[in-house]
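**Q** I have a structure I would like to understand better, so I am pasting it below and will then ask my questions one at a time.
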Ligand code: NDP
Ligand code: PMR
């Protein structure tokens, strides 16, 4: 059955058909045309917007900016708004699908590859108008800041932010670096998200939702109180001397603890940073803002793009190993439902929690490793990170 919101969206689209044909851009000489609409809550008003593609960086694939034309006097069903970083594949895409399917959420897919994200949205059957793709490259602070500006310019409220995107370079012999010269996995998984979350905290605080949330995806492999977390190389931030030095691989080590480069360790270290950051946000802001801060281990989603640069043998054996030996395997669809639960389930409303699931898919509050729950380390990480991203 068509909702009032859908009907209004359809008539809005028809009315704007002529105008929207000018929303064109060019990518590698090929004209692009993208059109989408959304209806979301803006305070007590409803707003609708169209997406068009522009470039925010010289080397960007394609970046959208929304123009929002508030329509006065129209009443539509209201939707909550959730930003999901890295929504173009794996857990992020499955979570987007679960949220959109609920009929209650509009998802802003914050992705570095606009065309890939659009294709991914279509591949899982997201209806036009149920999502907005916006360009975000977490490996560039400039892009993070531009994303925040673009998001604000849409006039959409922000009810939940999900920091999900990540990269993993297990076979790299040498480090690679972000736009600002930080080792790429810590820069993407931790520093980019740290800046994004800090900048969007104000927007979250303004949300009228009684259940506004900031979620940072963690993992079992960063927790050395588990079997998986004891597979070498183990996560260890040490005294954070490499991070303090700027992780640049020239004057300092590219690793947080100051050691020699190890791609698998850098990823696990970045996950420890994600879990520490969530707890530090909780300590600093939960009481003041009423925002619920959470992290989670969604299960071993052994089929995702995270393992794209691993050797072919690993990619072939990892899913059956997790399915039949460790029994830690979850499908992308199931992991998406789990993260969507952390976004919207009223019973998962406790702040400062690292959520996990039993084999029967019931959620529980998990215990973090000593390092991943060390408040002193979390404070130090916060202070160094805010200097590196230019907030202090
Ligand atoms: P995927 O590789 O499928 O998804 C990662 C997403 O991050 C992709 O959409 C990717 O974009 C995006 N991304 C990477 N770099 C950037 C960047 N610089 N800017 C913006 N987006 C970027 O992996 P998963 O779905 O498995 O990973 C999602 C989360 O789940 C991660 O935080 C991971 O640590 C966590 N996790 C995964 C587990 C697993 O078993 N797979 C287990 C535990 C936690 P693009 O599509 O363009 O590459
Ligand atoms: Mg691991 C209960 C045991 C368990 C679980 C739940 C995982 C999850 N793993 C487990 C055990 C083991 N793993 C064991 C015994 C081994 C040695 C054979 C093992 C190996 C292994 C490798 C080489 N596992 C891996 C790798 C990776 O490259 C993955 C990784 O560390 O990525 C950072 C990985 C993972 N195991 C997991 C999970 C969830 C991962 C993936 C990613 C992540 O933490 O995000």
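Computed from the coordinates by the stated procedures, all read-outs in this text should not be read as laboratory data. Note that the coordinates shown come from a computational prediction; the quantities given were computed from them, not determined experimentally. Counting neighbours? That spans all protein chains shown, and the Cβs are built from the backbone with ideal geometry, glycine included.
**Q** Rg and Dmax of segment 103-166 over Cα atoms: what are they, in angstrom?
**A** 11.9, 33
**Q** At q = 0.09, 0.10, 0.12, 0.14 Å⁻¹, what is the log10 ratio I(q)/I(0) for segment 202-331, with the Debye formula run over Cα points and no solvent?
**A** Evaluating at q = 0.09, 0.10, 0.12, 0.14 Å⁻¹ gives log10 I(q)/I(0) of -0.36, -0.44, -0.61, -0.79.
**Q** Something else now. In nm, to one decimal, how far is the modelled label at residue 171 from the one at residue 349, with both set 7 Å along Cα→Cβ?
**A** For residue 171 paired with residue 349, the spin-label model returns 4.8 nm.
**Q** Right, next: State, to one decimal in nm, how far the label point of residue 386 lies from the label point of residue 358, with both points 7 Å from Cα in the Cβ direction.
**A** Between residue 386 and residue 358, the simple spin-label model gives 4.1 nm.
**Q** Which peptide among 301-313, 87-99, 134-146, 255-267 comes first, and what is the full order, when sorted by highest mean count of other Cβ atoms within 10 Å?
**A** Most protected by this proxy first, the peptides run 87-99, 134-146, 255-267, 301-313.
**Q** Which distance in nm do the two modelled labels at residue 115 and residue 326 give, with both placed 7 Å along the Cα-to-Cβ direction?
**A** With each label point 7 Å from Cα toward Cβ, the separation is 3.5 nm.
**Q** Now for a different question. Run the numbers for residue 208 and residue 260: contour at 0.36 nm per residue of separation, minus the present Cα-Cα distance, in nm.
**A** Once the chain is fully extended between residue 208 and residue 260, it gains 14.0 nm.
**Q** Could you list 381, 237 so that the one with the fewest beta carbons within 10 Å of its beta carbon is first and the one with the most is last?
**A** Listed from fewest to most nearby Cβ atoms, that is 381, 237.
**Q** To the nearest 0.05, what FRET efficiency results for residue 142 and residue 251 with a Förster distance of 30 Å applied to their C-beta separation?
**A** Given R0 = 30 Å and the Cβ-Cβ separation, E is 0.85.
**Q** Next question. Tell me, how many Å apart are the Cα centres for segment 294-367 and for segment 254-274?
**A** Between the Cα centres of segment 294-367 and segment 254-274 lies a distance of 21 Å.
**Q** Binning at 5 angstrom from zero up to the longest distance, how are the C-alpha pair distances of segment 284-369 distributed in percent?
**A** Bin by bin from 0 Å, the calculated values are 3, 13, 21, 19, 17, 12, 8, 4, 3, 1.
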